[in-house]
Structure formats: C-alpha cells, structure tokens
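Remarks on the structure that follows.
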Amino acid sequence: MSAPLSSANKPLRNKGWLNRLRQRNVLPGFGLSMGITVFSLSLLVVLPFAMMAYTTTQMGWTGFWETITQPQVTAAIKLSLWMSFLAMLTNMVFGTLVAWVLVRYEFWGKSLINALVDLPFALPTAVTGISLATLYAPNGLIGQWFDKFDIQVAFTPIGIWLALVVVSFPFIVRAVQPVLAELSVEFEEASAVLGANRFTTFRKVILPELLPALLMGAGMMFARATGEYGSVIFIAGNIPMQSEILPLIIISKLEQFDIQGASAVALFMLLISFVILLTINIVQWKLSRRVGAR
C-alpha cells in the first residue's frame, strides 16, 4: 500500500494536471494559424500604414501641420466629417426602422427587400455615384422637381450627404437586425401589460438592447463614409471650399506628384477615423457590460 501524498506534493500534482489541460486543444494548429494571421495582418494592414506614416515623417512636423491646416484642406476635412456625421444619424434612424420591419413583420416581397439592403455593397461605387447624379441633377428625373423650388441636390453638400447615406446604409441594418431577431417579443408584451406606451417600451426595453449593436454599425458606417470616394465624386461638384471632399484632396495631391502631402492628409484622416472608432468601441464595450450585468 503506497503512502499517502503529502500536502507538499499536492500542489505539484495539481499544477501538472492544469498544464496538461492547457496544452490539450480541441482544434490543433493554433501556432500555425496564429502565425498566418499575424503575417497576413502585417502584410495587408500594418505595413501599408507604417509606410504611409514613414513617408509623412520625412516632411517633418512643421510640414505636416502646414499641409493639413491649408484652408482648402481644412474645408474638405470639415465637410467630410460633417456630412459623414449627418449620414450616420440618418441611417441610425431609418436603418433601425428597416431592420425592425424585416424582423418583426411577415409580408410579400420581404426576401426581395432584404436582398436590396445589400445592393450598395454589391454595386461598384462609381455606378452608384453616376446613378445618383443622373437622378438628382437639375434636369434629372427627381432633381427637376427640387429645381422648381430652387433646391439643388446634385453638385452640392446635399448630394454628398445623399451618396453617403446610400453607400453606408447596410451597415446599420445588418448590425441591428440579428439583435432584434434575438430580442423576444415577450419583453414588449410585458411592458405593455404594465401600462407603458409604445415610446416608453422602445426607450426603456428595446433601445438599451440595441444600443451596442447600433453603435458598432454606426462606427463602421462613419469610417466608411469619411473615406468614400467613388460614389461621391460624381455628385459632389468638387468645388473647392464648398463641395470638395477629403479623398479628392488626396487624389489632387497625387496628381501633382506631392506624395508626402497626400500621405500627410491620408494619415490625418486615418487618425480621425481611428479615434472615432476607438471612442465608439469603448462606449459599446461599456454598454455591453452594463446590459450583460442586468
């Protein structure tokens, strides 16, 4: 009969058991998969951004600051950010409404509408821009009716806002739709039984559950809108200080062989998008923890 293990040997035995448990993976090949992942991200994401930052550093801090504070560049930055923000707010309202209809109701043609939501992803952005410019030009099918009231949509900031709403619309719908599908109708029924009206039910029951997904879709949408070029270039008008977007500034500097200036503007736009996305992700993380703690 073997002697019982001493209390000093028990921690060693438990530690060895934990090590064997940690080494046992359900799916093998973690090291290889992680190596391929890091290599792919480095090659496709980190390296281009690092090269852009390196090109910008060659002009020095003074040159960088002078480039992004040029009146034409500053006006393009303000316009791009403001139109992207307005498009984000617009899609947060109407995108949530479309997702609600697709999840909560059954009707003829639902599959077709669900497929049309992804159409801006499938269409080339140039096709979207040309189509919008044709429709909303002063002599276009829709633009001629606005022209009677002296309202011009195409070749103005309104056209930029419209193009950004169209190309970024699916982000909100596809982010909110699965959350609504998982949200039980019983919560709404319980709220109604307790005497809450529809607005109170939406504000107190539905919106807190949707908010993390809504912010995630809004962040992706805003990042896409700030760098959108193909669909905006045909309807913007591209008038300096009025309807010239920030990506067009980058293209103009590249056409003038100002590589460092184009890299400086691109790096500044990247920093803006990164800060906004980081802020939204932090808020989303806090909201998700608060909802999960309930």
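Things worth noting here:
- The modelled label-to-label distance for the pair D258/N238, using points 7 Å beyond Cα in the direction of Cβ, is 1.6 nm.
- Shown here: region 79-149, whose C-alpha atoms stretch 39, 29, 29 Å along the first, second and third principal axes, sorted largest to smallest.
- For the chain: rounded, prolate or oblate by the Cα gyration tensor [a/c cutoff 1.5]: oblate
- Of S263, S40, the order by accessible heavy-atom surface (1.4 Å probe, DNA, RNA and ligands excluded), from most exposed downward, is S40, S263.
- Heavy-atom surface analysis with a 1.4 Å probe gives region 162-290 a carbon and sulfur content of 67 percent of its accessible area.
- D150 accessible area, assembled protein chains, probe 1.4 Å, Å²: 140
- Expected 222 nm ellipticity per residue - DSSP helices of 4 or more, -39500 (n - 2.57), all of the chain, to 500: -23500 deg cm²/dmol
- Burial order of peptide ranges 201-214, 134-147 (average beta-carbon count within 10 Å, highest first): 201-214, 134-147
- Peptide ranges 64-75, 86-97 listed from the most packed, as the mean C-beta count within 10 angstrom indicates: 86-97, 64-75
- For the peptides 230-240, 120-130, 216-226, the ranking by mean Cβ contacts within 10 Å, running from highest to lowest, is 216-226, 230-240, 120-130.
- Stretch gain in nm, segment L47-V127, where the contour uses 0.36 nm per residue and the Cα spacing is subtracted: 25.7 nm
- Screening the chain for whole DSSP H helices with an alpha carbon extent of at least 18 angstrom along the helix axis and a mean Kyte-Doolittle hydropathy of at least 0.5 yields 71-104, 157-182, 207-226, 259-292.
- On the beta carbon distance between A181 and V38, with R0 = 30 Å, the FRET formula returns roughly 0.30.
- Extension gain, F30 back to A192 (0.36 nm per residue minus Cα-Cα distance, nm): 53.3 nm
The values are calculated or read from the model by the stated rules, or taken from the named source; none is laboratory data. Source: prediction; values computed, not measured. With ideal geometry, Cβ positions are generated from the backbone for all residues, glycine too; neighbour counts draw on all protein chains shown. To get the accessible areas, we keep the full protein, side chains included, count just its heavy atoms, and leave off ligands, DNA and RNA. Shrake-Rupley method; radii C 1.70, N 1.55, O 1.52, S 1.80 Å.
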